[in-house]
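Everything below concerns the one structure shown next.
The values are calculated or read from the model by the stated rules, or taken from the named source; none is laboratory data. The structure presented is a predicted model; accordingly, all values stated were derived computationally and were not measured. Here the Cβ positions follow ideal geometry from the backbone for every residue, glycine too, while neighbour counts run over all protein chains shown.
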Amino acid sequence: MNTEVNAALKRLNAILPLESGLKSLSDDDASLYCKLLSSYAERGSTLTRDEVAKLVNDADQALNNVVASKLIVLDDAGNPAGAYPFTSEEREHKVHINGVTAHCMCALDALAVSPMFDKPTVIDSQCRVTEEKIHIEQDGTGFTGGTLDAWFGINWGAAKSDTVCAASLCMEMMFLANETVAREWLAESPDTREIFDLPSAIEFSAGFFMPLAENCR
């Protein structure tokens, strides 16, 4: 892992400590997160609160426990609305896996799905700056086709201590059309922004999310 990726991984773990959050849960609550996660990859959506109620004795308590670990978010009705790296919102990052389509919180999350589930995926997204289409065919930590000159950008300045990451920093993790666009975007705010080419981005993504997948196996 190169120095820049290692530093970024430590920085993101400090902001959003998902691995330690998962390890803090009871076995039953950790299993619930894993089921919420797997549902996205199996059917493109997660479990509803009613479905969760069939799996655990106290659905509200169990869901709140997992929310406290920062691994999931709920909607206003108390239904699961996201389990990192997936979201129930129709965001710009679509991932096709197992014949279904799911949405991801951000570009980094989209790159995590293939290595997490050890399945080929296709990512359809767009450049945040130019709105050019981004199409990435991925198999694990490798790429098999698509817009392989795309870059990944993150605006660290978007992180907020009083707002969940899904609604703050995640909104500012994006694909950029190519290196030229990425460097121009970086130059606008070099103190808060950082960019990575795709191989570095997938290393970053896998380093952050694979511990979750390993705990769910």
Point to revise | Selection from the stretch 154-167 of residues that are among the small types (Gly, Ala, Ser) and either more than 13 Å from the chain's Cα centre (by Cα) or at pLDDT 95 or above (or both) | key: Gly157, Ala158, Ala159, Ser161
Review point. Name the residues in the stretch 71-119 that are more than 22 Å from Thr147 (Cα to Cα) and among the polar types (S, T, N, Q), would you?
Key: Asn79, Thr87, Ser88
Revision key, fill the gap. For the stretch 90-101, pairs from a residue that is closer than 17 Å to Ser39 by Cβ to a residue that is modelled with pLDDT of 95 or more and in a loop (DSSP other than H, G, I, E, B), with Cβ under 7 Å and 6 or more apart or across chains, are Ile97/Lys119; Asn98/Lys119; Val100/Gly44; Thr101/Gly44
Review point. Which ones in the stretch 186-217 are closer than 13 Å to Asn155 by Cβ, outside any helix (DSSP H, G or I) and charged (D, E, K, R)?
Key: Asp191, Arg193, Glu194
Practice item. Might you let me know whether the stretch 168-177 holds any residue that is part of a loop (DSSP other than H, G, I, E, B), under 15 Å from the mean Cα position of the chain (by Cα) and under 23 Å from Leu36 (Cα atoms)? Key: yes
Practice item. Within the stretch 91-101, identify whether any single residue is more than 25 Å from Gln138 (Cα to Cα) and either small (Gly, Ala, Ser) or in contact with a helix residue (DSSP H, G or I) (Cβ under 7 Å, 6 or more places away or on another chain) (or both), and answer yes or no. Key: no
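Can you name the strands (runs of 3 or more DSSP E) wholly within the stretch 83-149 that have at least 2 residues being surrounded by 19 or more Cβ atoms within 10 Å (Cβ to Cβ) and of a type outside the set (A, V, I, L, M)?
Working: elements: 94-97, 100-104, 120-126, 133-139, 142-146.
Output list reads 100-104, 120-126.
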